[in-house]
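Worksheet: one structure, shown below.
The values are calculated or read from the model by the stated rules, or taken from the named source; none is laboratory data. Just so it is clear, the model here is predicted, and its values are computed rather than measured. With ideal geometry, Cβ positions are generated from the backbone for all residues, glycine too; neighbour counts draw on all protein chains shown.
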Amino acid sequence: MDFLTANDSPGVHAPSWYAATANGARDYPALEGEARCDVCVIGGGYSGLSAAIRLRKLGLSVVLLEANRVGWGASGRNGGQVGSGQRVGQSDLEAMVGRDDARHLWMLAQESKDVVRRLISEGGIDCDLRAGVLDTIHRRRFEHECREEVALLNERYDYRDVSYVSADEVRALLGTRRYHGGMMDKGAAHLHPLNYAAGLARMAADQGAQIFERTRVTGRDGTTVQTARGSVKADHVILACNGYLGGLEPGVAAKVMPINNFILATEPLGEARARGIINGGFAVADSKFVVNYYRMSADHRLLFGGTESYGYRFPKDIAGNVRRSMLHIYPQLRDVKIDYAWGGTLAITMSRMPYFARVEPDVLSVSGYSGHGVAMATLAGKLAADAVAGDASGFEHFSRIPATRFPGGPRLRSPLLALAMLWYGLRDRL
């Protein structure tokens, strides 16, 4: 069993609100026989598609292989938030890697948002891009830490798009009294993730990348890639599989753990009731370790994400599990029907920072975005493409970050992670 087959129908997008509202997606053929290219990209999510676009701009020939459909994995199922910075707060990042590297990583994160916006503009991608993310404090004791983070970003990083929001101000913006303040980031954004992925695929294909869907990679010998009905001989390979890497590269898999996360979409609430839940066009994420994240869709549905699982299988009642988290924050939605509920597999690292690796001289891997992947995965593809073309400076900023193996080996990693997450879940409730 693996994450490509454990929960979903092969070659069919998950039954999400995103799939129901997808626009302009193309079908791409399966690979039959042998192909030859400069770079073989494995994985049709944001990283792989961004890499393909950048490689074509650099004049390199590209074959991209996707086991199911482009955007089929986390890239087409996520919360859609285009966050600032890294998954780790900037003050914690300074402690982790030092101020100089932390500043470089901040600038790369700023670039990641610019890359997303530029690609959307260049490709004319219709993905409902909207500005603003409100990060809320779910425990009063985090208020001082939040104020310090805002001050750090304002003063040391000259980032003025973020501001502290008091508990009273949060209550005026959100229809809940569960939060004790937060920070509003007007430089962050959110979008329709599957339409964004489909738009990137169109851009890559229109620029000459060969995209093959329903083409699962079965093995790799250096830069020769085997598939079920063919093979690709390349000069370079970029592994862009994230949570769906499986056994394709054990060295990466030891440091990047797949986990499952879940989202629901309510029935349309109507404009007035929707404004009573989120009074503005921004998205929301809270300070829990297992984050709750949510936003309103263009048709006034609440898209609410949260809860996790650590084995292969999704829970039987996704809607019920996520609904409990939603009602904890918004009990006034108890009468609201749930129209869609779905799960997806992402990948985390021990540090919660992305894991970039040169696993062989001509084989690069980018993964481990830890729930912060819309912008970061897009940037990762670009940096991997640049590294293939000879400029590895951005790639190396990430590859220098210390990466720890998950303990326990393949059989024990998931049970040990589940125990750890039970502790963090308890901490969230204290």
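Annotations for the structure displayed:
- Among residues of the range 185-242, those that are part of a loop (DSSP other than H, G, I, E, B), surrounded by 24 or more Cβ atoms within 10 Å (Cβ to Cβ), out of contact with any Gly (no Cβ under 7 Å at 6 or more places or on another chain) and aliphatic (A, V, I, L, M), counted: 1
- Filter pass, Ala102 being over 17 Å from the mean Cα position of the chain (by Cα), surrounded by 24 or more Cβ atoms within 10 Å (Cβ to Cβ), modelled with pLDDT of 95 or more and assigned to a helix (DSSP H, G or I): no
- Tally of residues being within 30 Å of Ala95 (Cβ to Cβ), modelled with pLDDT of 95 or more and β-branched (Val, Ile, Thr) across the range 297-353: 0
- Search result, residues across the range 220-238 that are closer than 18 Å to Glu66 by Cβ and free of Cβ contacts under 8 Å to residues at least 12 places away in the same chain: Gln226
- Looking at Tyr355, Tyr330, Tyr310, Tyr340, just one residue is within 19 Å of the chain's Cα centre (by Cα) and either more than 24 Å from Tyr369 (Cα to Cα) or buried (at least 21 other Cβ atoms within 10 Å of the Cβ) (or both), and that residue is Tyr355.
- Of everything listed in (1) part of a loop (DSSP other than H, G, I, E, B); (2) under 23 Å from Ala387 (Cβ atoms), the single unmet condition for Tyr312 is (2).
- Picking from residues in the range 150-170 that are in contact with a Leu (Cβ under 8 Å, 6 or more places away or on another chain) and in contact (Cβ under 8 Å) with a residue 40 or more places away in the chain, the one that is nearest to Met183 (Cα to Cα) is Val162.
- Failed item in (1) in a loop (DSSP other than H, G, I, E, B); (2) touching a helix residue (DSSP H, G or I) at 6+ places or on another chain (Cβ under 8 Å); (3) surrounded by fewer than 24 Cβ atoms within 10 Å (Cβ to Cβ), with Asp27 passing the rest: (2)
- Asp100, sole failed condition from (1) touching a residue at least 24 places away in the same chain (Cβ under 8 Å); (2) farther than 24 Å from Thr215 by Cβ: (1)
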